[in-house]
Structure formats: structure tokens, C-alpha cells
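This report refers to the structure that appears directly beneath it.
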Amino acid sequence: MKGAISLEIVLLIVLMLVAVFIIGSTLISTTQNTTAKIEEKSNKIVSKIDEYCITDSDCESGTCVNGKCK
């Protein structure tokens, strides 16, 4: 009878480990996708900010016309 109880406990532990592995891999995948999307949006925002200027020294091209780099 002791062997049957031990086998049930081992099966329960294995099932719990599988569940933890599945949940963990899903969280990692979700985190990676979210990070990529946040990076993409941040880059878009930064590029929009770089378009605006106050003086010519704010622009890589060196020319600021009506608040935008030309």
C-alpha cells in the first residue's frame, strides 16, 4: 500500500511541475512580445520628437524651419 501512495504523490508532483513549466513558458513568451511592442512604440515616439526643433543646432541637417528639421 505504501508504494501506491508514493506513486500518486510522484504523479501529482510531476503534473504540478508540468503546469508550472507551461505557465512559465507562456509568461516568458508574453513578456518578450510585449517588450518588442513597447520598444517599437518608444522608437516611433523618439523619432517624432527628433523631427521638432527650436534652433538649427537641434537638427542633424542643421536647418530648422518653422519648428521642424528640414
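Here are a few things to note about the model shown:
- In the chain, taking the dipole from charged Cβ atoms about the Cα centre, the farthest positive-side position among L11, S25, C59 is held by L11.
- Identified option (computed log10 I(q)/I(0) by the Debye sum over Cα atoms at q = 0.19, 0.21 Å⁻¹; candidates [x] -0.95, -1.01; [y] -0.81, -0.87; [z] -0.60, -0.75): [y]
- Degrees, to the nearest 10: 2-51 long Cα axis against longest axis of the chain: 0 degrees
- 22 Å Cα cut-off, lysine pairs counted over the chain (separation 8 or more, or different chains): 6
Each value in this text was obtained by applying a stated rule to the coordinates, not by laboratory testing. Everything quoted here is computed from the prediction, not taken from an experiment. FYI the Cβ positions are ideal-geometry reconstructions off the backbone, even for glycines, and counts take in every protein chain you see.
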